[in-house]
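J.: Below: one structure in structure tokens.
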């Protein structure tokens, strides 16, 4: 789906040349061109005599926000080539803005290859608002085989230009030039062989322009060539633009095939990967496939050209970035190449190493503490229970041994077997407070027996032997979360239900340490009326809680409430016909990720007040069956797990940028669940059964 473009006016379609351009501008043609104003008395191709005299043509030069065009230097040219080689991924524009004063704008003719043909016809520079006005010569000098362009920059090759159409009676008087987009489209056209211009409609060119704009990354001071190279790399890597260009540029008798190399991939160095390419051909022709390693770390000894075929086994041998190129052929034409990037890193660090399954893990935002549940086996009674464990860890692995967290009144003996179920563990982002639910039977607390209704326990991390009850009643409580505005003041929210089958309410409790230890304040119920509420998520200061509930239409939607009880009706943030589930938020409550429907991961941008969601972005694409989304504290990367066909339907970890780009597969063992991201997005905690039982691992990106 093409998105709207920030460009004020798209390309218009040039008319098909009346004859094929010659290889050079003959002296006779030059002489005739010079005499045409006299011989034709100013009659242009459109027959409008007022075009016989010079015509002013105005516009504004626009570039991605943050780009400053500078004169090219040797360093700048080398830098542009390095950035092209090292950073091939597409990035998102933040918008378009006018350039400053002094940018050169020229008018000249181009040949069929897009290179300057003949002398410069007119030149000027932009004013302080990026505006230019050039004088177009008499249109009687115009020849459709050598169309005129308005170009930005001083180089004939690689300049950024707008092609002037020969529909002279409708020539616009004020047009914007978007260097990044137009250069990328023109260079990409050259990359995919000359297009049949008669088949490009204005709408199609505008659509390509939209996609290239959305894929160019703003840079600092840059030459015209650097902006062109950057946008070209983005266009090469963007499948919809490739698909449209292939469709437009194909001769009628055969459609060029399209290679599909797949998503980018993060893997472990030394791991064997089954790489499978795909291809599309509108004519249904059988396809042949050829992979090659387009770039690899200097020390790598991988085979640069594997055997021909759609599938092969690839094994990165050193840490670094590997760029693989796929080319498909239908026996008549070769399609444009497609690329996939493999980022090979050392294996993730194992954080827990129990002989029983671990689950429900949650870590602090600075990834120093992990809270999780672990199975406890009583062989004599043939009974399984669960304990809550607290594990300190660093980027290189666990620090010390796990600390069991017990409910109040239960013996603090790490070796004891508790016949209780502890669940829903959660730790505040700053690591001050842990909470969990327990079914401990208070009448039998001294023996550690369970089986009662679930209540909520809070445990100060600095005093793990001093737990306190948040709730202790005959109702059923679950799903506690906690965040601390300061090291001595926390807010916890949990679900409470007299009958979990009919209604659940959100309840908030303040936890304050006045110097003698934390004390739980009186609970306050935040919601009213019937209905289920679940998956509460707190902002880092504990002031707002996001949660899921069904709206009047019966769909699961995202809601928001203040935790101080001052808000009446909650804010409904989404209005969909599909269920929103598996809610997660960033620390400030401005970015929300959900699983929508059965398999799609969406990011929502939420305003600080009011009900509407500003924007919805699909993060998981349309091919994956995805779930369990999370987002980094800085909002710069999201992660989720999704089913993968090469692991027999297992689930692996994927990361993606918040605009939906750079979708990258991170693991390949098919046993991944429960991802967590720290504040930086550089560290990913996940659960894996790769060693036979479920443990937690840390991947350092």
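The values are calculated or read from the model by the stated rules, or taken from the named source; none is laboratory data. Keep in mind the model is a prediction, meaning the values are calculated, not measured. Because the Cβ atoms are built from the backbone with ideal geometry, glycine has one as well, and the counts that use them run over all protein chains shown.
J.: Could you identify the single residue in 388, 375 that is surrounded by 14 or more Cβ atoms within 10 Å (Cβ to Cβ), in the same structural domain as residue 402 (by TED's automatic domain parsing), in contact (Cβ under 8 Å) with a residue 40 or more places away in the chain and more than 32 Å from the chain's Cα centre (by Cα)?
T.: That would be 388, the only listed residue that is surrounded by 14 or more Cβ atoms within 10 Å (Cβ to Cβ), in the same structural domain as residue 402 (by TED's automatic domain parsing), in contact (Cβ under 8 Å) with a residue 40 or more places away in the chain and more than 32 Å from the chain's Cα centre (by Cα).
J.: Here's something else I'd like to know. Quick check on segment 672-688: of everything there that is over 12 Å from residue 348 (Cβ atoms) and free of Cβ contacts under 8 Å to residues at least 60 places away in the same chain, which residue is surrounded by the most Cβ atoms within 10 Å (Cβ to Cβ)?
T.: Here the residue is 677.
J.: I'd like the full set of residues that are under 26 Å from the mean Cα position of the chain (by Cα) and outside any loop (DSSP other than H, G, I, E, B), limited to segment 328-359.
T.: 338, 339, 340, 341, 342, 343, 344, 345, 349
J.: Restricting segment 690-701 to residues that are assigned to a loop (DSSP other than H, G, I, E, B) and in contact (Cβ under 8 Å) with a residue 60 or more places away in the chain, which is surrounded by the most Cβ atoms within 10 Å (Cβ to Cβ)?
T.: Residue satisfying both the conditions and the ranking: 694.
J.: I've got another one for you. Tell me the residue from 305, 313 that is in the same structural domain as residue 278 (by TED's automatic domain parsing), surrounded by fewer than 17 Cβ atoms within 10 Å (Cβ to Cβ) and not in a strand (DSSP E or B), please.
T.: Going through 305, 313 in turn, the sole match is 305.
J.: So, in segment 101-135, how many residues would count as being surrounded by 19 or more Cβ atoms within 10 Å (Cβ to Cβ) and on the phi > 0 side of the Ramachandran plot?
T.: 2
J.: Okay, next question. From 619, 698, grab the single residue that is assigned by TED's automatic domain parsing to the domain that holds residue 594 and under 26 Å from residue 277 (Cα atoms).
T.: It is 619.
A quick yes/no check of all residues on (1) closer than 24 Å to residue 504 by Cβ; (2) in the same structural domain as residue 640 (by TED's automatic domain parsing); (3) modelled with pLDDT of 90 or more:
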| site | (1), (2), (3) |
| --- | --- |
| 580 | yes, yes, yes |
| 584 | yes, yes, yes |
| 592 | yes, yes, yes |
| 595 | yes, yes, yes |
| 601 | no, yes, yes |
| 610 | no, yes, no |
| 623 | no, yes, no |
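J.: Out of (1) in contact with a strand residue (DSSP E or B) (Cβ under 6 Å, 6 or more places away or on another chain); (2) at pLDDT 85 or above, the odd one out for residue 283 is which?
T.: (1)
J.: Still on this model: Please give the strands (runs of 3 or more DSSP E) falling wholly within segment 539-631 in which 3 or more residues are closer than 20 Å to residue 482 by Cβ.
T.: Hits in segment 539-631: 544-550, 556-562, 580-585.
J.: Restricting attention to segment 481-492, which residues are farther than 18 Å from residue 463 by Cβ and either at pLDDT 95 or above or in contact with a helix residue (DSSP H, G or I) (Cβ under 7 Å, 6 or more places away or on another chain) (or both)?
T.: 481, 483, 491
J.: Now a separate question. Output the residues belonging to segment 646-660 that are within 23 Å of residue 275 (Cα to Cα) and buried (at least 21 other Cβ atoms within 10 Å of the Cβ).
T.: Of everything in segment 646-660, those that are within 23 Å of residue 275 (Cα to Cα) and buried (at least 21 other Cβ atoms within 10 Å of the Cβ) turn out to be 651, 652, 653, 654, 655, 656.
J.: Anything in segment 500-525 that is in a loop (DSSP other than H, G, I, E, B) and in contact (Cβ under 8 Å) with a residue 12 or more places away in the chain? List them, or say none.
T.: Answer for segment 500-525, where residues must be in a loop (DSSP other than H, G, I, E, B) and in contact (Cβ under 8 Å) with a residue 12 or more places away in the chain: 500, 502, 504, 514, 517, 521, 522, 523.
J.: Another one. Taking residue 606 and the conditions (1) out of contact with any helix residue (DSSP H, G or I) (no Cβ under 7 Å at 6 or more places or on another chain); (2) surrounded by fewer than 22 Cβ atoms within 10 Å (Cβ to Cβ), which numbered condition does it fall short on, given that it satisfies the others?
T.: The failed condition is (2).
J.: Can you tell me how many residues in segment 422-452 are assigned to a strand (DSSP E or B), modelled with pLDDT under 85 and under 24 Å from residue 492 (Cβ atoms)?
T.: 0
J.: Then there's this: Scan segment 286-301 residue by residue and report those that are without any contact (Cβ under 8 Å) to a residue 60 or more places away in the chain and within 15 Å of residue 338 (Cα to Cα).
T.: Selection gives 287, 288, 289, 290, 291, 292, 293, 294.
J.: For segment 530-537, state whether one or more residues are crowded, with 22+ Cβ neighbours inside 10 Å and modelled with pLDDT under 95.
T.: Yes: one or more hits.
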